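First the structure, in the form of structure tokens, and then the observations on it.
Quick note: the coordinates plus some simple rules give every number you see, no bench work behind them. As the structure is a prediction and not an experimental result, all values here were calculated from the model. All Cβ positions, glycine included, derive from the backbone under ideal geometry; neighbour counts span all protein chains shown.
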Amino acid sequence: MTQEILQDQDTASFEGMECVYERPGTLSEARFHYCPGCGHSVVHRVLMEVIEEMGIAENTIGVAPVGCSVFAYHYMNIDMQEAAHGRASAVATAVKRIHPDKFVFSYQGDGDLAAIGTAETIHTCNRGENILMVFINNAIYGMTGGQMAPTSLMGMKTSTSPAGRTQETAGFPLKIADMVALLPGVSYVTRQSVHTPNAVRQLKKALTKSFGWQKEGRGTCFIEVVSNCPSGWKMTPIQANKWLVDNMFPMYPPGDLKVPA
Amino acid sequence: MTVGDVRLMKGNEALAEAAIRAGCQAYFGYPITPQSEVLEYLADEGRKRGMIVLQAESEVASINMVYGAAGAGARVMTSSSSPGVSLMMEGISYIACAELPCLIVNVSRGGPGLGTIQPSQGDYFQSVKGGGHGDYRLIVLAPSSVQEMAGFVYDAFDLADRYRNPVMILADGALGQMMEKVEFPAYDPAAHAVPKPWATTGKPASRPANVITSLHMLAEQMEEVNHKLQAKYRLIEEHEVRYELLATDDADYLIVAFGLAARIAHRAVQVARAHGHRVGLIRPITLFPYPHAIIRSLAERMKGVLVVEMNAGQMVEDVRLAVEGRVPVKFYGRMGGVIPSPDEVAHAVEQMVGQTSDVSMEAH
Ligand SMILES: Cc1ncc(C[n+]2csc(CCOP(=O)(O)OP(=O)(O)O)c2C)c(N)n1
Ligand code: SF4
């Protein structure tokens, strides 16, 4: 798998054409292993574009989770650490404490950040660690094959909620962005998405602002990306993005929850 | 050379003071008796002297912070006691696989479960045989005095850096809580600092990205990583075995004990000798790598071996492996936080002498 990932993209001939859009230097040449239409690949690219455009690649250290994006470090061509399941924000805390002059971000899915890692998430935010936490909410466990996540919607069918999520057996969807927005250590909480080009542009702005605030030492910035999982949701990418708008947004509405004073 | 300075201190405080002097840059920990003084001392003294000290939300967070800081190139440590160390096991396994140097201190207490806050050696298996998942080893140092609680810290950090391996100091609640004289040697952290070109410090254009990970998806790759780790562990076994001998030259009987139990056994040797029994003691200082070879060669000229531990009999398995049935190996232990007295141990020696003076003896 790794070898396959590391293989170069097939290169067609583009002789005589002007290059108007290319891979940022902060993205490696490894081919994404993500399923077609998966939000992870778009978020990876946007995050790396921002880091390149801000000229901070040499000063940025990232922390990858356990989840579908466990291999984030294959694609992000910067110094990275791969954390245990749920512990990315604890690892990022320590990296930032050791290198306070560097930009540090963690990148986690919903199982990672809002189930097994809830304690680390809350306490990293409550300490106001001066890092950026990127949270990919696809309401399912993608990597392990589509089990229910803390963020799965009511009635949502997954491999561990085959009849649909019910409150009696699984409680309610966890709105962890709303929770961390209550904490004084957190300066910026926003909910974004990558299902349209415009949404991608908005996410880029949010990422850029977050790194700016990190430089100013404003405390934790928390960006939730309401994302998809076409494979886990058993949909085509187009269906998944429509389902996201119709079902995810009512529970997880896009927009800023908290901005720095 | 500067003369080291001498103080009267608790074991936990001596260890913490040594960590500052050893140039430990960061400490992450969570309170638990009988080791909270480490965190308390560092939160005060450590911070004053420039150490990053963070009281984490749990031992799970602590050990993953240690992972992050070690991966970022820092000299870093955590400490806890038995239940807390159990919580760290997944993180320790990750650290071992990612080959991150760090110090983990277990001031252990009686278990299983919430157990007791009294001293115990019940975590020998967990410390020495793995504890977490997968084939990994910690270098395990077992102090038996407040002096060694301090002195082993320097060695632990240097070993961790030399082998890129987590090192554990396995102490117990008595060693952590008791006060003794301790002398701090002269130690210059800068002179001991090793380059860490693999650390995540921010990637300059001139080098490929540094990645700290324990993930190797292909079975063949993972096996390769395992081969590399095993080769390192063999190297450690070859070069880093440490032990102490007492009165073994003329001995007919050998006691094997580590840590606090060895201190008690030391006194028991004197009692038994006063009763006319020629008894000696070997104290393993490194529990991994274990001093198998010396125990085997000593056992060859003994009539019997007695293993004394503050547990139900854990290290005794390693002694039996070393002795390979050459002589009877007996065990005496107290559990659950009870400390055996020298007289009890001397009595166990006399029993062994009584049983093994018979020519037709069997391994116990
Ligand atoms: C301690 C531990 N428990 C369970 C797992 C198995 N596991 C791997 S990824 C994962 C869930 C990932 O889901 P999520 O964080 O939502 O990320 P996604 O794959 O959807 O991007 C689980 C349960 C593990 N690796 N470690
Ligand atoms: S399983 Fe889901 S989250 Fe994982 S790569 Fe595929 S679409 Fe993306």
Just to confirm my filter: which strands (runs of 3 or more DSSP E) fall fully inside region B:4-116 and include at least 3 residues that are within 14 Å of chain A (Cβ to nearest Cβ) and more than 20 Å from the chain's Cα centre (by Cα)? B:52-55
Of the residues in region A:92-136, those that are in a strand (DSSP E or B) and within 8 Å of ligand 1 (Cβ to nearest atom) come to A:Gln108, A:Gly109, A:Ile136
Yes or no: A:Gly128 more than 13 Å from ligand 2 (Cβ to nearest atom), free of Cβ contacts under 8 Å to residues at least 40 places away in the same chain and among the small types (Gly, Ala, Ser)? no
With the condition kept exactly as written, say whether any residue in region B:262-276 is surrounded by fewer than 17 Cβ atoms within 10 Å (Cβ to Cβ), in contact (Cβ under 8 Å) with a residue 24 or more places away in the chain and not in a helix (DSSP H, G or I). yes
Only one of B:Ala193, B:Ala199 is in contact (Cβ under 8 Å) with a residue 60 or more places away in the chain and within 14 Å of chain A (Cβ to nearest Cβ); which? B:Ala199
Is it fair to say A:Ala119 is within 16 Å of ligand 2 (Cβ to nearest atom), more than 23 Å from A:Ile56 (Cβ to Cβ) and in contact with a helix residue (DSSP H, G or I) (Cβ under 9 Å, 6 or more places away or on another chain)? no
In region A:158-261, which strands (runs of 3 or more DSSP E) lie fully inside it and hold 2 or more residues that are within 14 Å of chain B (Cβ to nearest Cβ) and more than 16 Å from ligand 2 (Cβ to nearest atom)? none
Restricting region A:51-67 to residues that are crowded, with 23+ Cβ neighbours inside 10 Å and over 17 Å from B:Ala72 (Cα atoms), which is nearest to ligand 2 (Cβ to nearest atom)? A:Gly67
For region A:25-50, give me each residue that is assigned to a loop (DSSP other than H, G, I, E, B), more than 14 Å from the chain's Cα centre (by Cα) and either away from ligand 2 (no atom under 15 Å from the Cβ) or closer than 27 Å to A:Gln239 by Cβ (or both). A:Gly25, A:Thr26, A:Ser28, A:Glu29, A:Arg31, A:Phe32, A:His33, A:Cys35, A:Pro36, A:Gly37
Run B:Ala219 past the list (1) under 24 Å from B:Val140 (Cα atoms); (2) small (Gly, Ala, Ser); (3) out of contact with any helix residue (DSSP H, G or I) (no Cβ under 9 Å at 6 or more places or on another chain) and report the number of the one that doesn't hold. (1)
